[in-house]
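Undergrad: Mind having a look at this structure? Questions to follow.
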Amino acid sequence: MTQMLADQLKALWAEVDRKTITWERFEEQKKQWLEGYASQWRDALRIGGQDLKESSLNELMGYLKLPDRGALETWHQRAEKALSGSWNSIDTNDPQSVERFYDQCQLELYNLLTWHTLAEDDSPLAYVAALEFARPHHFKTYLDFGSGVGSGGILFARNGYDVTLADVSSPLLNFARWRHEQRDLPVQTIDLKSGSLPKNRFDFVTAMDVFEHLVDPVKTAEQIVDSLTAGGILFGRFHVEPNDTHITHIVKDFAPTFSRMNEMGMKAVWKDEWLWGHQAFQKS
């Protein structure tokens, strides 16, 4: 398998430790490699000759039928105010209560889309890392679990995968489906409030920053494992910082999830120890 970027950076840093290259040379190479990832991401997502931020905001305005950026900002402020008040009434031990929150939350359309422009940080590029990891396996069927606004699906569809998106939020799924349609990219969707994952269906599954939001991550892991084909891979991030204060993060300890996955025959096959901390598990 082609060496992953995170592993290349780890090896390159060893050269800094050995003083065979300078820290400045390391940073220069890291920037160059990350720009290669970012170029793939931007080319997959943007429409026409627009830059990624402009393209993304124009998409959202088109979907919401808003006339200009001022109207979008007004919509954003209303959605943000609604979010801050509604989470306080959520019972984080009740899956249906959490589902209702995400099904009514419009703010994530804006938050996820703008995050994916790379304006805040470069961690959305983990989807490019996932694609890089999947390529040597020649997989065909791909599921993005907790698919949000569908950016990961667009990237994989652009690269020839049979894409399915699964999410508990109908507003997010509807927008993600619309984004694929705008690009003439085929996609299937699963609303997890009413639908379930098919068994033995997917060669490759991503779960990007999803598990910390779940009421029952162990049960969810069981469903994802069942949906994988033999030899299939789950690629995701299962981590929160010890001092994490994000209001919608429920899970802090992923040890029970990892234990159950191991019982079901999922073997840890890779971990990003340098960039964003994602892991890959393969089904036996």
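FYI, it's all coordinate maths here, none of it is from the lab. This structure is a prediction, so every number in the text was calculated from the model and none was measured. We place every Cβ from the backbone using ideal geometry, glycine too, and count neighbours over all the protein chains shown.
Undergrad: Which residue, Leu125, Leu172, Leu12, has the most motion in a Gaussian network model of the chain that connects Cα atoms within less than 10 Å?
TA: Residue with maximal mean-square fluctuation among Leu125, Leu172, Leu12: Leu12.
Undergrad: So if R0 is 25 Å, what FRET efficiency would Arg260 and Lys193 give, r being the distance between their Cβ atoms, rounded to the nearest 0.05? Spell out each step's value before the answer.
TA: Numbers: r = 23 Å, r/R0 = 0.92.
Result of the calculation: an efficiency of 0.60.
Undergrad: So which GluC sites (Glu not before Pro) in the range 186-284 end up in coil per DSSP with only 13 or fewer other C-beta atoms within 10 Å?
TA: For GluC sites (Glu not before Pro) across the range 186-284 that sit outside H, G, I, E and B with at most 13 neighbouring Cβ atoms in 10 Å, the list reads Glu273.
Undergrad: Using a 10 angstrom cutoff on alpha carbons, build the Gaussian network for the chain and name the most mobile of Phe235, Phe26, Phe258.
TA: Phe26
Undergrad: Distance in nm between label sites at Ser284 and Ala230, each 7 Å beyond Cα in the beta-carbon direction?
TA: Here the modelled spin labels are 1.3 nm apart.
Undergrad: Identify the trypsin sites (Lys or Arg not before Pro) of the range 191-284 meeting these criteria: DSSP loop state and at most 12 other C-beta atoms within 10 Å of the C-beta.
TA: Lys199, Lys252
Undergrad: At R0 = 22 Å, how high is the FRET efficiency between Asn243 and Asn159 if r is their beta carbon distance? Nearest 0.05 is fine. Kindly include the intermediate steps, with their values, before the conclusion.
TA: Numbers: r = 37 Å, r/R0 = 1.68.
E(calc), rounded to 0.05, equals 0.05.
Undergrad: Ok, one more. Stretch Glu120-Lys81 to full length: gain in nm at 0.36 nm per residue minus the Cα-Cα span?
TA: On the way: separation 39, 0.36 × 39 = 14.04 nm, distance 2.09 nm.
Stretched out fully, the Glu120 to Lys81 stretch lengthens by 12.0 nm.
Undergrad: Once every DSSP H run of n ≥ 4 in the chain is given -39500 (n - 2.57) and the sum is divided by its residues, what mean residue ellipticity at 222 nm do you get, rounded to the nearest 500 deg cm²/dmol?
TA: -15000 deg cm²/dmol
Undergrad: Can you return the lysines within cross-link range of Lys19? Criterion is Cα-Cα under 19 Å, with same-chain partners fewer than 8 residues away left out.
TA: By straight Cα distance, Lys19 reaches Lys10, Lys30.
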